Amino acid sequence: MTPSHVFADSIAKSFGQHPAIRDVTVLAQGGITAVLGPNGCGKSTLLRCIATVMMPDSGSVTIDGLDPRRESERIEARRRLGYAPQEAGFDPRLRVLDAVDYVAVLKGLDDTRRRRRSVFEALDRVGLAERTGARVGELSAGMRRRLVLAQALLGAPTLVVFDEPGAGLDPDERLRLREILTERRRTATILLATHLTDEAAGADRVIVLGAGRVQFDGTPSRLAAHADGRIWHQSDFPPPGVRASWQQAGGGHRCLGHPPAGAVLLEPTLEEGYLLVQDRVAASS
């Protein structure tokens, strides 16, 4: 199974007078690409355009060379696609099994036995195999989120688009999600939007969005490197003008900013590099 080739070429999308994304280009095939940024930066809009939920105002999106603006090609692209939106509107009376089976029908899985097998496999992978007969309204928020993931994983798609996949999941459920992503990264192109730097740290590639534009595109280690020489240990209280500081369990503070002379420099994290990239965005706005 070959991961899908995804090309979003200079796409833009506005809502009224508000531009959500502007001149964004993403080229991906295989692995996990995390789209990282604060709420309202355009992450969901970008993923919805790639998932063919909406069309960009300008630019183009292709999936394995298929153009979603053409109906026949959009239908074929969606057969290869699994999409987990941030918000899913389930009828609370719907059974768990039927919620996933409905998506299987939409994907054209006409053979009943094969379709049911695929549905049960997807539910089992997210830990809902024992709740197939339950009503959606009986599920916890975390279980409903897992149900969305089951819909997205149905039929082993070669492109999987997750919008805030870890939202509402407890630690065990987030570990299960990481296992699923690790399994699929060799057979599918995985795009996920997140505002959590720990989720982005496990990706092969990170795209940072800010002000509707791509502000960084590279590996997690390259993003962390933006804070090289800017992280230090302060044994007493941080000096005035420090960008941020965290009191450490062993004593002293971890500081981000411009270190004083003779400071003990520390290895930066992805989160600290990300903060500096967002500072640059704010300064240029």
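The values are calculated or read from the model by the stated rules, or taken from the named source; none is laboratory data. Keep in mind the model is a prediction, meaning the values are calculated, not measured. Every residue, glycine as well, gets a Cβ built from its backbone with ideal geometry; the counts of neighbours run over all protein chains shown. For accessibility, only protein heavy atoms count, side chains too; no ligands or nucleic acids. Shrake-Rupley method; radii C 1.70, N 1.55, O 1.52, S 1.80 Å.
Local charge sum around ALA77 (other residues, Cβ-Cβ under 9 Å, Lys/Arg +1, Asp/Glu -1)?
0
Quick check for me: using +1 on Lys/Arg Cβ and -1 on Asp/Glu Cβ, what's the dipole size of the chain about its Cα centre, in debye to the nearest 20?
Dipole about the Cα centre, nearest 20: 620 debye.
Take every Cα pair under 8 Å in the chain that's 6+ residues apart, average their separations, divide by the length, and report that relative contact order as a whole percent.
Contact order relative to length: 22 percent.
Under 5 Å between amide H atoms, partner at least 5 residues away or on a different chain: which partners does SER14 have, H built in plane at 1.01 Å?
ALA20, ASP57
To check my understanding: the extent here is largest minus smallest coordinate of the Cα atoms along each principal axis. What are those three numbers for region 38-108, in Å, largest first?
On the principal axes, region 38-108 reaches 40, 34, 15 Å in Cα extent.
Excluding VAL214 itself, what net charge comes from residues whose Cβ is under 15 Å from its Cβ, given Lys and Arg +1 and Asp and Glu -1?
+4
Per residue of region 23-33, what does 6.51 cos²θ - 1.76 cosθ + 1.60 with θ = phi - 60° give for ³J(HN,Hα)? Whole Hz please, x for Gly and Pro, Karplus curve as stated.
So the J values, rounded to whole Hz, are 6, 9, 10, 9, 10, 8, 8, x, x, 10, 10.
In whole Hz, what ³J(HN,Hα) sequence does region 227-235 give by Karplus (6.51, -1.76, 1.60; θ = phi - 60°), x for Gly and Pro?
9, 4, x, 10, 10, 8, 9, 10, 6
Through the Karplus equation 6.51 cos²θ - 1.76 cosθ + 1.60, θ set to phi - 60°, convert the phi angles of region 53-60 into ³J(HN,Hα) values in whole Hz; use x for Gly and Pro.
Residue by residue, region 53-60 yields 6, 9, 9, x, 6, 8, x, 8 Hz.
Quick check on region 1-142: take the gyration tensor over C-alpha atoms, sort the square-rooted eigenvalues as a ≥ b ≥ c, and tell me if it's rounded (a/c under 1.5), prolate or oblate.
It is prolate, given that a/c is not under 1.5 and a/b is the larger ratio.
So, for region 1-101, what is the accessible surface per residue at a probe of 1.4 Å, expressed in square angstrom?
47 Å²
Output the 0 to 90 degree angle, nearest 10, between the alpha-carbon long axis of helix 270-284 and the longest principal axis computed from the alpha carbons of the chain.
Orientation of helix 270-284: about 80 degrees from the principal axis.
For region 89-195, how big is Rg over Rh, using alpha carbon atoms and the Kirkwood form of Rh?
That ratio equals 0.94.
Find the relative contact order for region 1-114 and round it to a whole percent, using C-alpha pairs within less than 8 Å whose residues are 6+ positions apart.
The value is 24 percent.
What is the projected area of the convex hull of the Cα atoms of region 53-93, averaged over all directions, in nm²?
If I average the Cα hull's projected area over directions, I get 4.2 nm².
Does region 16-78 come out rounded, prolate or oblate by the C-alpha gyration tensor, with a ≥ b ≥ c the root eigenvalues, rounded set by a/c under 1.5 and, if not, prolate when a/b is larger than b/c and oblate if not?
Because a/c hits 1.5 or more and a/b fails to exceed b/c, region 16-78 counts as oblate.
Percent of accessible area on region 194-285 owned by carbon and sulfur, 1.4 Å probe?
Of all accessible area on region 194-285, carbon and sulfur atoms account for 54 percent.
How high is the relative contact order of region 138-247, given as a whole-number percent (alpha carbon pairs under 8 Å, six or more residues apart)?
Across region 138-247, relative contact order equals 18 percent.
With every protein chain present, what is the per residue accessible area of region 108-168 (1.4 Å probe, Å²)?
Per residue, region 108-168 has 43 Å² of solvent-accessible surface.
May I ask you to give the percent of accessible area on region 46-192 that is carbon plus sulfur, with a probe radius of 1.4 Å?
Reported share for carbon and sulfur atoms: 45 percent.
If packing is taken as the average count of other Cβ atoms within 10 Å, what order do 200-208, 105-113 fall into, highest mean first?
So the peptides 200-208, 105-113, ranked by packing, come out 200-208, 105-113.
Computed over the Cα atoms of region 128-285, what is the convex hull's projected area averaged over all directions, in nm²?
12.6 nm²
How much mean residue ellipticity at 222 nm does the chain get from its helices, if each DSSP H run of length 4 or more adds -39500 (n - 2.57) and you divide by all residues, to the nearest 500 deg cm²/dmol?
Calculated at 222 nm, the ellipticity per residue is -10000 deg cm²/dmol.
What does the net charge come to around ASP67 if you take all other residues with beta carbon closer than 12 Å to its beta carbon, with K and R at +1 and D and E at -1?
Taking every other residue near ASP67 into account, the sum is -2.
Using the Kirkwood radius over C-alpha pairs as Rh, can you work out the diffusion coefficient of the chain via Stokes-Einstein at 20 °C, viscosity 1.002 mPa s, in µm² per second?
105 µm²/s
How tilted is helix 112-125 with respect to the longest principal axis of the chain? Cα atoms for both, answer in degrees (0 to 90, nearest 10).
Here the helix axis deviates by roughly 20 degrees.
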